1. Does Ile284 qualify as being touching an Asp or Glu at 6+ places or on another chain (Cβ under 9 Å) and modelled with pLDDT of 95 or more?
2. Pick from Leu65, Leu58: which is surrounded by 17 or more Cβ atoms within 10 Å (Cβ to Cβ), part of a loop (DSSP other than H, G, I, E, B) and in contact (Cβ under 8 Å) with a residue 40 or more places away in the chain?
3. Can you tell me how many residues in the range 215-241 are over 23 Å from Asp68 (Cα atoms) and buried (at least 18 other Cβ atoms within 10 Å of the Cβ)?
4. Among the numbered criteria (1) more than 24 Å from Val204 (Cβ to Cβ); (2) surrounded by fewer than 13 Cβ atoms within 10 Å (Cβ to Cβ), which single criterion is violated by Gly264?
5. Among the residues that make up the range 16-23, is at least one of them of a type in the set (A, V, I, L, M) and within 35 Å of the chain's Cα centre (by Cα)?
6. Specify which of the listed residues (Ser169, Ser229) is over 18 Å from the mean Cα position of the chain (by Cα) and modelled with pLDDT of 95 or more.
7. Can you tell me how many residues within the range 1-50 are in a helix (DSSP H, G or I), among the small types (Gly, Ala, Ser) and farther than 22 Å from Thr88 by Cα?
8. Taking the range 202-226, which residues are assigned to a loop (DSSP other than H, G, I, E, B), of a type outside the set (D, E, K, R) and more than 14 Å from the chain's Cα centre (by Cα)?
Amino acid sequence: MNYEPLLRLFKDRLGEYISGESMSQELGVSRTAIWKQIRKLEAAGYHFEASRRLGYRLVSVPDNLAIDQLTSRLDTSAFGKTIHYLETVESTQNLARAAAEEGAAEGTLFLAEQQLNGRGRMGRNWVSPRGKGVWMSMVLRPSVPIHFAPQLTLMTAVALCRSLKRITSLPIGIKWPNDLLIEGKKISGILLESAAEDERLRYVIAGIGISVNLEEQDYPEELLEKATSLRISAGRKWLREDVIADFLKEWEQLYFLYQEQGFGPIITLWEALSVSLGKPARLITPQGDMMGIPIGLDESGAIRIQLSDGTVKPVFSAEMGEPL
């Protein structure tokens with residue numbers, strides 16, 4: 001049984017309870033078939049109230065992305081010109097990487113309503129429930145040496161921060177290297193994974209997770225002190241199509257600027273948005289922990305740390321703890 005006729009029945013009688021017997025008679029199928037299709041609708045994000053005496057009532061429908069509205073809003077030359085939209089995936093990163101290996105053009109975008117195994121930096125899981133955030137990965141093909149890859153991560157963080165601040169007017173800042181925070185709580189994750197050959201990048205897969213319309217109940221309790229969403233912070237919902245379109249435009253503009261003028265302009269923009277600079281912090285590096293004050297970026301994308309003896313050391317890879 002196709003669940004579309006059943007869904008139309010609920011939408012035509014929105015807010016009303018419909019008995020299993022009534023649905024069975026109107027659609028000419030068994031009550032068991034009705035029950036199975038309701039389970040499928042629930043798995044797709046539809047919510048029902050059930051009453052033994054009255055039947056089922058449709059309470060809410062999933063807030064799915066409208067790809068036609070997104071494409072009509074896009075003002076880019078390459079980013080998002082090819083969009084692969086999926087309901088549920090393990091990870092958009094995996095799909096984008098496979099497409100890149102098959103020759104997908106720069107700007108090819110993968111969007112999912114839900115990720116079952118979304119991942120962030122250092123292998124962490126990323127909370128990505130259905131229909132409430134932006135879970136996306138895009139293929140980039142920059143003409144830069146492999147050791148410039150960290151610069152691309154910082155550039156992406158700048159683009160996303162500038163875009164979200166413009167849309168929401170929320171006090172969003174960047175924690176080194178690429179976490180976006182609102183009052184100390186994380187709202188976005190950025191993960192760039194690359195493939196190289198002969199010291200040149202063949203492609204980069206940029207994974208972006210934006211917690212747009214998540215509510216408190218969407219987070220595990222242990223994350224509520226560390227994570228938030230645009231909706232929680234602003235007290236209102238946001239159109240995800242607007243969020244994606246604005247970000248892609250800002251991202252493409254900065255990407256072209258970076259390729260034309262190098263990393264210098266990105267450094268200036270990143271430092272202006274940073275919440276990490278000038279505050280004593282502990283950095284957990286592969287070589288061990290260190291204490292110091294972040295004072296800026298260098299030309300490679302490393303964070304410059306001023307140690308207690310006044311010397312300055314570049315750090316390329318680390319987990320930055322909370323300011324001390």
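The values are calculated or read from the model by the stated rules, or taken from the named source; none is laboratory data. Small disclaimer: the values here were computed from a predicted structure and weren't measured. Cβ placement follows ideal geometry from the backbone for every residue including glycine, while neighbour counts extend to all protein chains displayed.
1. On the way: touching an Asp or Glu at 6+ places or on another chain (Cβ under 9 Å): yes; modelled with pLDDT of 95 or more: no.
Answer is no for this residue.
2. Working: Leu58 fails: part of a loop (DSSP other than H, G, I, E, B).
Answer to the check: Leu65.
3. Taking the range 215-241 and keeping what is over 23 Å from Asp68 (Cα atoms), we get 215-236.
From what's left, buried (at least 18 other Cβ atoms within 10 Å of the Cβ): 218-219, 227-232.
Going through the range 215-241 one residue at a time, the tally reaches 8.
4. If we test Gly264 against (1) more than 24 Å from Val204 (Cβ to Cβ); (2) surrounded by fewer than 13 Cβ atoms within 10 Å (Cβ to Cβ), just (1) comes out false.
5. Taking the range 16-23 first, the residues of a type in the set (A, V, I, L, M) are 18, 23.
Okay, now just the ones that are also within 35 Å of the chain's Cα centre (by Cα), so none.
No, the conditions are met nowhere in the range 16-23.
6. On the way: Ser229 fails: over 18 Å from the mean Cα position of the chain (by Cα).
Among Ser169, Ser229, only Ser169 is over 18 Å from the mean Cα position of the chain (by Cα) and modelled with pLDDT of 95 or more.
7. We begin by selecting, within the range 1-50, every residue in a helix (DSSP H, G or I); these are 4-12, 20-27, 31-43.
From what's left, among the small types (Gly, Ala, Ser): 20, 22, 24, 33, 43.
This time we only want the ones that are farther than 22 Å from Thr88 by Cα, so: 20, 22, 24, 33.
The number of residues fulfilling the criteria is 4.
8. Going through the range 202-226, the residues assigned to a loop (DSSP other than H, G, I, E, B) turn out to be 211-215, 219-220, 224-226.
If we keep only those that are of a type outside the set (D, E, K, R) as well, we get 211-214, 219-220, 224.
Matches in the range 202-226: Tyr219, Pro220, Leu224.
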